[in-house]
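In what follows, a single structure is set out as structure tokens and then discussed.
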Amino acid sequence: MRANDTRSAEAVRHGAYVCISVPRDAREAVGATAAEALAEHLGLRNEFDPGRDEPPGTIAFLSRVGATAAEIADVDLLSADAIIPVASVSAESVTEFCTELTRLLAQTIKPRIIGGSLRPTNYTGNAMHNFAYAHRVLQQPGTVMPNGFLVPMSKTAGWWQKDWMERHTYFLPRYDESGHMLNEGHALAAAAGIACLMRRTYKNATEPAPAETYDFINYFECADEDVSTFHEVCTALRDITKNPEWKFVREGPTWHGRRVPTWAELFG
Ligand code: HEM
């Protein structure tokens, strides 16, 4: 007799980042009321004031601060004036929101939609969970953590050709035979962010993701005083002497936004 005890890798939540660029003279025409009514119709709670429980569906509003280009050119994300993050336990709700919002926007504004799903971790046992996730930062009100960063990325064919056991090794430090640490690996290189960054990573439905889509869509929130730590954590992860995993990473633009409470405040 054999057990049938495989752990689920099924998505537990779905999300999309709706990236929009709106010419100055068209900003009045983009209906705040219609967009907010749509969110209400779908029961999406505003993440600006997140509350203590995790609601079935959420919406947020991010107004552009700036963006930095990277290896994957993604002009629509790089130049976006605003991003509307939407998330739900129901994939249909996310799709409906994106479809309806696209319809509501004037013909001239075609949003770039970057979507994915939250799935259980792949390489995390109890000890890693306790190190990296047990005391993670939960979502705070927009007044406390006003910064949102979207950092989408994909991994190279070389990464996906590796067996999962080899991929797993990149999240831990490497040691030589005498126990001397050779490099930190992903989790230790990023450790400064554990206490101050709210982290959320969506994955594509397939691994690797199809062409023109991202494998991973990372999103972070933090307080103003922790923006420098966010950048330090990214710098540490990108340093392949500390974190050899990044040899296999191709990043899209890093987009920085300010969390605002309403659609009307998106275009300041
Ligand atoms: C702030 C502290 C951070 C810690 C402690 C941390 C830790 C971890 C750990 C333990 C995993 C493995 C999850 C699993 O078992 O599947 C992971 C995965 C991942 N992390 Fe981080 N991370 C941090 C920050 C970041 C940042 C800043 C980025 C991107 C800029 C990032 C991107 C990712 C991605 C894309 C994955 C999935 C990789 C894959 O499955 O191949 N992480 N992280």
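The numbers here are math on the coordinates, done by the rules we state, and not lab data. Here the structure is a predicted model, which is why all the values come from computation and not from measurement. Note that we place each Cβ from the backbone using ideal geometry, even for glycine, and neighbour counts take in every protein chain shown.
When you scan the range 157-232 for helices (runs of 4 or more DSSP H) that lie fully inside it, which ones turn up with 1 or more residues that are on the phi > 0 side of the Ramachandran plot and crowded, with 16+ Cβ neighbours inside 10 Å?
On the way: elements: 157-161, 164-169, 185-189.
Per the criteria, 185-189.
Taking interchain pairs and intrachain pairs at least six residues apart, which have beta carbon atoms under 7 angstrom, with the first residue in the range 110-121 and farther than 15 Å from TRP255 by Cβ and the second of a type in the set (A, V, I, L, M) and within 13 Å of the ligand (Cβ to nearest atom)?
From the range 110-121, the pairs are GLY116/ILE217; ARG119/ALA9; PRO120/ALA9.
Being among the basic types (Lys, Arg) and under 19 Å from the mean Cα position of the chain (by Cα) narrows it down to one of LYS242, LYS203, so name that one. Spell out the reasoning first.
Working: LYS242 fails: under 19 Å from the mean Cα position of the chain (by Cα).
Testing whether each residue is among the basic types (Lys, Arg) and under 19 Å from the mean Cα position of the chain (by Cα) leaves just LYS203.
Could you grab me the full set of residues in the range 163-194 that are within 21 Å of ARG250 (Cα to Cα) and more than 10 Å from the ligand (Cβ to nearest atom)?
Passing the criteria: ASP163, GLU166, THR169, ASN183, GLU184.
Please go through the range 233-250 and give me each residue that is of a type outside the set (Lys, Arg), under 22 Å from ALA209 (Cα atoms) and either more than 9 Å from the ligand (Cβ to nearest atom) or part of a helix (DSSP H, G or I) (or both), ordered by number.
At the first step, the residues of the range 233-250 found to be of a type outside the set (Lys, Arg) are 233-237, 239-241, 243-246, 248-249.
Narrowing the set further to residues that are under 22 Å from ALA209 (Cα atoms) leaves 237, 244-246, 248-249.
Within the range 233-250, LEU237, PRO244, GLU245, TRP246, PHE248 meet the criteria.
Restricting to the range 123-139, name every residue that is crowded, with 16+ Cβ neighbours inside 10 Å and in a loop (DSSP other than H, G, I, E, B).
Within the range 123-139, THR124, VAL137, GLN139 meet the criteria.
Would you confirm, using the coordinates I've provided, whether LEU77 is buried (at least 16 other Cβ atoms within 10 Å of the Cβ), touching a residue at least 60 places away in the same chain (Cβ under 8 Å) and either in contact with a Gly (Cβ under 7 Å, 6 or more places away or on another chain) or acidic (Asp, Glu) (or both)? I'd like the intermediate steps shown before the answer.
Working: buried (at least 16 other Cβ atoms within 10 Å of the Cβ): yes; touching a residue at least 60 places away in the same chain (Cβ under 8 Å): yes; either in contact with a Gly (Cβ under 7 Å, 6 or more places away or on another chain) or acidic (Asp, Glu) (or both): yes.
Taking the combined requirement at face value, the residue satisfies it.
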